[in-house]
Every structure is written in C-alpha cells, then in structure tokens.
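The values are calculated or read from the model by the stated rules, or taken from the named source; none is laboratory data. Please read all numbers here as calculations on a predicted model, not as lab measurements. Don't worry about glycine lacking a Cβ; one is built from the backbone with ideal geometry, like all the others, and counts go over all protein chains shown.
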Amino acid sequence: MADCTRCGRKLPAISFGSGGLCDNCRQAEQDEIQPGGHASQLISPWSTGPAVTMAIMGLNIAVYLAMVLNGVSATEPSVQDSIRWGALAGPLAFGTENFPAEPWRVLTSIFEHGGLFHIGMNMWCLWNVGRLAEQIYDKGTYLWAYLLCGVGGCLACLWWSPMSATVGASGAIFGVVGLLITTFWLGKLPISRAQTQGTLYSLMIFVGYSLYFGAVTPRTSNSAHIGGLFTGLILGGLMAPFLTHDRRESQGIRWLILAGAAAALVALFHVLKVQALNS
C-alpha cells in the first residue's frame, strides 16, 4: 500500500488520478492552484459532473439490460445472440458477395458486452479513467476521442482476428488510458509533479496488468486493447501540447486532430476490407 506524499495516509494500490495524494490533500492542493488558460478545466468541470462518462455508462448498461430482457443470457451470451445485437465480425463488417457490408458494427460492438462480469469490470474501469479525462478535455473532445479509440480497437481486431465475434468497451477504455498517458506526459497541466507522476504510475500499472490478464484469459481480445491504446496515445500526443493555448485556438486544433483521425480510421477500414475481400 502506498502512502500519501503529503500527509502519510495509506492509499489504495491503484488510485487513478490521485497523484500520490489522499483525497483530503488532493482537494487542498486543488484549492491552492490558480486556474489559467485552457487547462483550468482540470478543476472546473465538476460543477456539471462527469456527464459524458455517465451517459456512456448508461448506454452500455441499457444495451446489456435490453439484451437480457429479450432472452439473452445474463452471464454468457451466445455468439449468435451477440452478432444479432451488433457484435463485430469481419465477414459481417466487410460484407461478402451475398451479404452487404455492415461497417456500423465497429461502433455498436463497443456498447455491447459478453455478460455481467464483462460489463461490470469495464464500467468500473470507465468510471475511474473517464472521469479523469473529462476533467481535462472538454466534453465534446472527450466523447469523440472515446468513440475513435473504440473504432481503433475494432480495426485492430479486424486485422488480427477478422473471423472472431468481438464485443465490449475495453478498446475504447484503453484508448482513454492512452489519451491520459500522453496528456500527462506531454501536456503542461497546472498540477504538481507528484500528482503527474503518481497518475502516470497508476495508468501504466493498469495497462500492464490488463494486458497480462488479457493474454492469459481465454476469449479476451488483447488486439482491441492494443489498438485502442495506440489510438489514444496518438490522440493525446497530438492534442496535449495545445491544452494551455488560447481556449478557442486549442479547441479548433483539437477538432482538426479528431477529424483527421476519423478520416484515417475510415481509410484504414477500407484498406482492411480490400485485403479481406482479396484474401
């Protein structure tokens, strides 16, 4: 168990965003920060709460409940049921000679889960990392980054295991973690060095443990995790240097980066589709 670097209290083993400080000391340090520039969002958005994170969680839970109420197993949905509710699979997403392409599955699959344990773990992780990302970036940027990271994870699945049926928000969640890693590493945020290092340590522990867990657990798609993580690292690396610029300028740059990333992912999907159809 780690100790608070300010008062010495015991901390949880993994505490996203704590920066090595307990709740009391973190609040006291925030009160000492003088907000300035765009990064002042780090201490201001809580007036409205993590609305986007809660909305994403609500949509995931609503899909899960709808599946269960329509007769799908609550603990282990069949492949057929998963596909019927929007799971990702190469032949369906890319299409065949006899069936039209269904590219929308790269989005629907990230809101569907394979049972109660699956959604429970993903929503716990999303609640922790999503709230932190929503404190740093405006809600629109955060939402689009989440969706793009989810798509990036899906494209990695289509490249690595195109015949497998894949569901879950973990690719998008790993993307948010990647976004935070490069944001805390490259962004000039108005927080202490101890907070930055502590948060980066927690995020890296999460990545390492989760990738190991995915490697030793059957039916877990580490390709989605890596694809989402890589997408988030790139987005964070591109956007973080502009966080402290003028608010309007920073927002415009972020939207250009997100639009470029969306175009790149669409192009990558078509490249993978051509390769799949020609193989």
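Is it the case that GLU102 is farther than 18 Å from SER221 by Cβ, in a loop (DSSP other than H, G, I, E, B), in contact with a helix residue (DSSP H, G or I) (Cβ under 9 Å, 6 or more places away or on another chain) and acidic (Asp, Glu)?
Here the answer is yes, as GLU102 does meet what is asked.
For GLY237, which of the numbered conditions (1) over 22 Å from GLU112 (Cα atoms); (2) buried (at least 20 other Cβ atoms within 10 Å of the Cβ); (3) modelled with pLDDT of 95 or more fails to hold?
Result: GLY237 passes all but (2).
If TYR209 meets every condition in (1) surrounded by 15 or more Cβ atoms within 10 Å (Cβ to Cβ); (2) at pLDDT below 95 apart from one, which number is that one?
It fails just one condition, (1).
If VAL177 meets every condition in (1) among the hydrophobic types (A, V, I, L, M, F, W, C); (2) within 12 Å of the chain's Cα centre (by Cα); (3) not in a helix (DSSP H, G or I) apart from one, which number is that one?
Checking VAL177 against (1) among the hydrophobic types (A, V, I, L, M, F, W, C); (2) within 12 Å of the chain's Cα centre (by Cα); (3) not in a helix (DSSP H, G or I), the one that fails is (3).
Run LEU69 past the list (1) in contact with a Leu (Cβ under 9 Å, 6 or more places away or on another chain); (2) surrounded by fewer than 20 Cβ atoms within 10 Å (Cβ to Cβ); (3) more than 21 Å from LEU147 (Cα to Cα); (4) at pLDDT 50 or above and report the number of the one that doesn't hold.
Evaluating LEU69 over (1) in contact with a Leu (Cβ under 9 Å, 6 or more places away or on another chain); (2) surrounded by fewer than 20 Cβ atoms within 10 Å (Cβ to Cβ); (3) more than 21 Å from LEU147 (Cα to Cα); (4) at pLDDT 50 or above leaves (1) as the failure.
Taking interchain pairs and intrachain pairs at least six residues apart, which have beta carbon atoms under 7 angstrom, with the first residue in the stretch 108-130 and part of a helix (DSSP H, G or I) and the second aromatic (Phe, Trp, Tyr) and surrounded by 23 or more Cβ atoms within 10 Å (Cβ to Cβ)?
ILE119/TYR64
Scan (1) surrounded by fewer than 18 Cβ atoms within 10 Å (Cβ to Cβ); (2) in contact (Cβ under 8 Å) with a residue 12 or more places away in the chain for the single condition ASN98 breaks and write down its number.
In the conditions (1) surrounded by fewer than 18 Cβ atoms within 10 Å (Cβ to Cβ); (2) in contact (Cβ under 8 Å) with a residue 12 or more places away in the chain, ASN98 misses (2) alone.
State which residue is surrounded by the fewest Cβ atoms within 10 Å (Cβ to Cβ) when the search covers only the stretch 240-278 and only residues that are within 29 Å of ALA101 (Cα to Cα) and of a type in the set (S, T, N, Q).
Out of the qualifying residues, it is ASN278.
Among the residues of the stretch 183-199 satisfying the criterion of being more than 14 Å from GLY237 (Cα to Cα) and either without any contact (Cβ under 8 Å) to a residue 40 or more places away in the chain or assigned to a helix (DSSP H, G or I) (or both), which is nearest to the chain's Cα centre (by Cα)?
Residue satisfying both the conditions and the ranking: THR199.
I'd like to check something: does the stretch 236-257 contain any residue that is closer than 25 Å to SER161 by Cβ and touching a residue at least 60 places away in the same chain (Cβ under 8 Å)?
No, the stretch 236-257 contains no residue that is closer than 25 Å to SER161 by Cβ and touching a residue at least 60 places away in the same chain (Cβ under 8 Å).
Identify, please: which residue in the stretch 267-279 is of a type outside the set (A, V, I, L, M, F, W, C) and at pLDDT 90 or above and is, among those, farthest from the chain's Cα centre (by Cα)?
GLN275
Can you give me the number of residues within the stretch 241-266 that are assigned to a helix (DSSP H, G or I) and under 21 Å from the mean Cα position of the chain (by Cα)?
Qualifying residue count, the stretch 241-266: 17.
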